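> Let me give you the structure first, and then I'll get to my questions.
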Amino acid sequence: MARDFFEVQTNSEMEEVETLQFKSLQAAIFSKGKPVEGVENEDSLAFISFSEDIYVAAVADGMGGHEAGGKASAIAIKTLSDHLQGFAGTEYDLRGLVLDAIELAQIRIHELGVGAGTTLTLATISDVGIRIYNIGDSATVHLDSAGITKYRSFEHSVGGMQHVMGQIGEAELGKRHEHHQLINFLGAEQMKVEISCLRAWSEGDQLILGSDGLFDNITASEMFGVAIRPIEADQKLSMLIEMSQENMKSGNLRKAKPDDLTAIYVQF
């Protein structure tokens with residue numbers, strides 16, 4: 001795809017993984033609401049490609065239990081997409097536009113006046129490297145071709161912080177209700193943005209962006225087992241979705257957590 005390409009899904013009910021093929025990478029996307037009748041999907045996503053071989057991938061998870069959570073995630077993704085229309089610059093220029101879009105989305109979510117909020121995890125990809133942004137407990141993971149984690153964004157929740165500090169292991173993560181309590185989100189009065197340094201990528205590297213509906217229902221070992229398979233990005237994402245949805249039903253290696261599930265899988 002030589003021209004600019006914008007794929008935006010807001011509060012969608014996708015029945016299968018969608019495949020996107022580009023010059024430099026493969027991408028696959030999926031978004032579906034929790035397996036509970038009558039509950040709408042509060043997640044949104046975007047995958048954007050510019051003709052200069054610059055890409056942006058983003059996942060937003062509207063806060064469950066908060067009024068207008070689905071609208072908040074849609075605002076975050078649409079604001080980002082609209083703000084990047086016509087972009088023709090360097091990675092440095094893109095960084096500024098992304099941060100501007102995040103600040104504008106923060107204002108627009110506040111203007112709803114209903115206490116809405118959303119997470120946002122985002123990766124920019126260019127020939128000079130990958131930069132990862134994160135707000136909340138959605139996450140982005142950068143893996144090499146052997147499935148080894150090169151970088152993982154922090155999950156801004158009580159459980160996520162306890163896990164990072166070594167206070168609880170993966171087996172305990174999510175077992176207590178307070179583990180899912182967010183300590184940072186888009187729309188919060190004290191919202192903060194986690195930004196990685198510019199990280200080099202190599203052929204065969206992989207990126208997985210997901211809402212907590214994905215990462216709360218799979219283990220690191222399951223993710224590794226999928227990442228090392230010599231298959232296409234859409235097949236890998238389909239496997240992760242199937243594992244997550246199965247765990248939502250009855251629990252397996254993780255405690256069952258029915259939730260909206262949105263993810264992007266990128267393979268270089």
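> When you look at Asn217, is it touching a helix residue (DSSP H, G or I) at 6+ places or on another chain (Cβ under 9 Å) and either closer than 30 Å to Ile107 by Cβ or in a loop (DSSP other than H, G, I, E, B) (or both), yes or no?
Yes.
> Right, here's the next one. Looking only at segment 228-266, how many residues end up being among the small types (Gly, Ala, Ser) and surrounded by 16 or more Cβ atoms within 10 Å (Cβ to Cβ)?
Selection size over segment 228-266: 4.
> I need a count of the residues in segment 54-65 that are more than 22 Å from His142 (Cβ to Cβ) and buried (at least 23 other Cβ atoms within 10 Å of the Cβ).
Matching residues across segment 54-65 total 2.
> Only one of (1) in contact (Cβ under 8 Å) with a residue 40 or more places away in the chain; (2) open to solvent by 50 Å² or more (accessible area, probe 1.4 Å); (3) in a helix (DSSP H, G or I) is not met by Met223, so which one is it?
(2)
> For segment 31-53, what are the residues that are open to solvent by 10 Å² or more (accessible area, probe 1.4 Å) and either in contact with a helix residue (DSSP H, G or I) (Cβ under 8 Å, 6 or more places away or on another chain) or assigned to a strand (DSSP E or B) (or both)?
Once the filter is applied, which keeps residues that are open to solvent by 10 Å² or more (accessible area, probe 1.4 Å) and either in contact with a helix residue (DSSP H, G or I) (Cβ under 8 Å, 6 or more places away or on another chain) or assigned to a strand (DSSP E or B) (or both), segment 31-53 yields Lys32, Lys34, Pro35, Glu40, Glu42.
> Would you please name the residue that is modelled with the lowest pLDDT, looking only at residues in segment 60-88 that are of a type outside the set (Phe, Trp, Tyr), touching a helix residue (DSSP H, G or I) at 6+ places or on another chain (Cβ under 8 Å) and part of a loop (DSSP other than H, G, I, E, B)?
His66
The values are calculated or read from the model by the stated rules, or taken from the named source; none is laboratory data. Note that the structure is a prediction, hence the values are computed from the model and not measured. Backbone-built Cβ (ideal geometry, glycine too); neighbour counts: all protein chains shown. Note: accessible area is taken over every heavy atom of the protein model, side chains too, but ligands, DNA and RNA are not part of it. Shrake-Rupley method; radii C 1.70, N 1.55, O 1.52, S 1.80 Å.
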